1. Is there a quick way to get the dipole size of the chain? I mean about its Cα centre, with the Cβ of Lys and Arg at +1 and of Asp and Glu at -1; what is the value in debye to the nearest 20?
2. Sticking with the crude label model, points 7 Å out along Cα→Cβ, report the distance from THR96 to ARG30 in nm, one decimal please.
3. Which is farthest toward the positive dipole end of the chain among SER76, ASN59, CYS48, measuring Cα position about the Cα centre, with Cβ charges +1 (Lys, Arg) and -1 (Asp, Glu)?
4. Given the Cα-Cα distance of VAL55 and ALA23 and 0.36 nm per residue of separation, how much length would full extension add, in nm?
5. Are any of the pairs LYS12/LYS98; LYS75/LYS99; LYS12/LYS75; LYS11/LYS99; LYS11/LYS39; LYS14/LYS99 more than 22 Å apart by Cα-Cα distance, and if so, which?
6. Put a dot 7 Å past each Cα toward the Cβ at ALA46 and ALA79; how far apart are the dots in nm?
7. Using each residue's phi in the range 44-61, evaluate 6.51 cos²θ - 1.76 cosθ + 1.60 at θ = phi - 60° and report the 3J(HN,Hα) Karplus result to the nearest Hz, with x for Gly and Pro.
8. At 222 nm, what helix-only mean residue ellipticity would the chain give, in deg cm²/dmol to the nearest 500, using -39500 (n - 2.57) for each DSSP H run of four or more?
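What follows is calculated from the coordinates using simple rules that are stated; it is not laboratory data. This structure is a prediction, so every number in the text was calculated from the model and none was measured. Methodologically, a virtual Cβ is constructed for each residue, glycine included, from the backbone with ideal geometry; neighbour enumeration extends over all protein chains shown.
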Amino acid sequence: MSLKKCCECSKKTKERSEEEYTALIHRLNRIEGQVRGIKKMVENNAYCTDIMVQVSAVNAALGAFNRELLGNHIKSCVAENIRNGNDEVIDELLDTLKKLMK
């Protein structure tokens, strides 16, 4: 079963397999929980360095999420567009990589 999700920033959509969708949502749920934990730490006046360590963990988790999403994008969207003769997707990928590497 494919689920169609829309990103408001581009109006393009991507049909994800149930497996891909579930894996991405689970990662995001864990990240969301980590962020809520950081909020509680601030509310409970936790020590600054303890909070910063948790923020670093969230940044790493977001990076891992982004790498997984990028890999899925290249294997599906980019590859499919190239097979269909749409080489413009390469420029789009390069632009995306530039944004990610800032």
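1. Details: 17 positive and 15 negative charges, 51 e Å.
Computed charge dipole of the chain: roughly 240 debye.
2. 2.2
3. CYS48
4. Numbers: separation 32, 0.36 × 32 = 11.52 nm, distance 2.20 nm.
The VAL55-ALA23 span can extend by a further 9.3 nm.
5. With Cα atoms farther than 22 Å apart: LYS11/LYS39.
6. 3.9
7. Couplings: 9, 6, 5, 5, 3, 5, 5, 5, 4, 5, 5, 4, 4, 5, 5, 4, 5, 5 Hz.
8. Values: 4 runs with 70 residues, N = 102.
Per the formula, -23000 deg cm²/dmol.
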